[in-house]
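> One structure coming up, written as structure tokens, with questions to follow.
No lab work stands behind these numbers, since they all come straight from the coordinates. Quick caveat: nothing in here was measured; it's all calculated off a predicted structure. So basically every Cβ, Gly included, is an ideal-geometry build from the backbone, and we count neighbours across all protein chains shown.
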Amino acid sequence: MAGEKSSAAATLKRSRDKANRLAQKGGRKRLKKTLEQAQFDLNKRITQAAGLSGAGKEPFSLTRMRTTLIQIEAVIVDLNKGMKGVVVDQAGKAAQMAASEQLEYMAKAERRFKGINASLPLDKVALTDKAVSRTNASVLRRISGDPANPARPGVLARYGTNVMGKFEEQMRIGMLTNKSWAEMRADMIGQSPFLQQAPASWAERLLRTETMAAQNRSGWETTRQAQEELGDMVKILSATFDDRTGWDSYLVHGQIRKPDEAFEGPFGTYQHPPNRPNDREVVVPHRVSWPLPASLDPRSESEAEIAYFSRIKNPGARGGVPPSFGRSWEMSTVDRELFGKA
């Protein structure tokens, strides 16, 4: 039991350390507000879930919400300590007094559901916070319009910056509290009259794009850290090929870059995908000392052209001028002959 409590305490410490780093970048008050919103949301959901589960054993979903809430409340207490002039409220005092009981609950939860005590994903949450990531807080803020048709309105023109802020707020809460896709989508639709009138696919696209961005950013940061230790890390773009694959994904698939070098494509440069809505590319961390798998070989330019015209019944609807299917960038900044020869 002592070892399990020690493991739970280590998880809490990781969450606290992440929060401290994030608070230094974006401000304690701003982070505290996000955590308090997540705390309120979780308390409401826990009350509803507890009523549905009855007096039997707690289901995984309810236990996970409780362990997440424990960490959020512990971090809020820490942030209150670091804010001059802020009085710790009664909820904060109660959380401090119940520290031992919280660790015991987390230890029991870990025995029942192995791996349930993950630290708060504050690194991903930071990616949608404008105070931390500046104007490029979210993918949607970076997309100004359709490169194939400059006259087409961009995302910000369609939604407005105030609505974008609400989207980002809901995504931060959803990521912190482990909400399901359906719950996060419903929250985003509730923040936008436009989405309430639009097809359900619009909200799904926004959510998937931003979630992919957070996951890929986290993977990119891990690759950069591994580079410091190993010295031969690269990142490789990998697309998913099916009947929904965009023409641009054929052109960038298999592109190799050193960890801090930007990828290039028809929509500009970027450190990691997504680089447009519904972009399903991922970054594969790889070492130069490892052989390159055939699945990451580049695809032909002709495949991109075929994909473009097969997806569009009326090419003129895209502005009348098809994009260029030729590559104007290197596919690898590292000699491919060096791979697998360690």
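> What full-extension length gain, to one decimal in nm, is calculated for Trp329 and Lys258 as 0.36 nm per residue of separation minus the Cα-Cα distance?
24.1 nm is the gain from fully extending Trp329 to Lys258.
> Using the 10 angstrom Cβ neighbour count as an exposure proxy, how do Trp220, Trp247 rank, fewest first?
Sorted ascending by nearby Cβ count, the order is Trp220, Trp247.
> Between Ser7 and Asn43, what is the spin-label point distance in nm, taking each point 7 Å from the Cα along the Cα→C-beta axis?
Placing both labels 7 Å along Cα→Cβ, they lie 3.1 nm apart.
> For Phe167, Phe339, Phe60, what ranking results if the residue with the fewest other Cβ atoms within 10 Å of its Cβ goes first?
Phe60, Phe339, Phe167
> Give me Asp41, Asp232 sorted ascending by neighbouring Cβ count inside 10 Å, so fewest comes first.
Asp232, Asp41
> Beyond a 18 Å Cα-Cα separation, which of these cross-linked pairs lie in this structure: Lys25/Lys124; Lys18/Lys81; Lys44/Lys114?
In this structure, Lys44/Lys114 lie more than 18 Å apart at Cα.
> Rounded to the nearest 0.05, what FRET efficiency do Glu228 and Leu52 have when you use their Cβ-Cβ distance and R0 = 41 Å?
0.30
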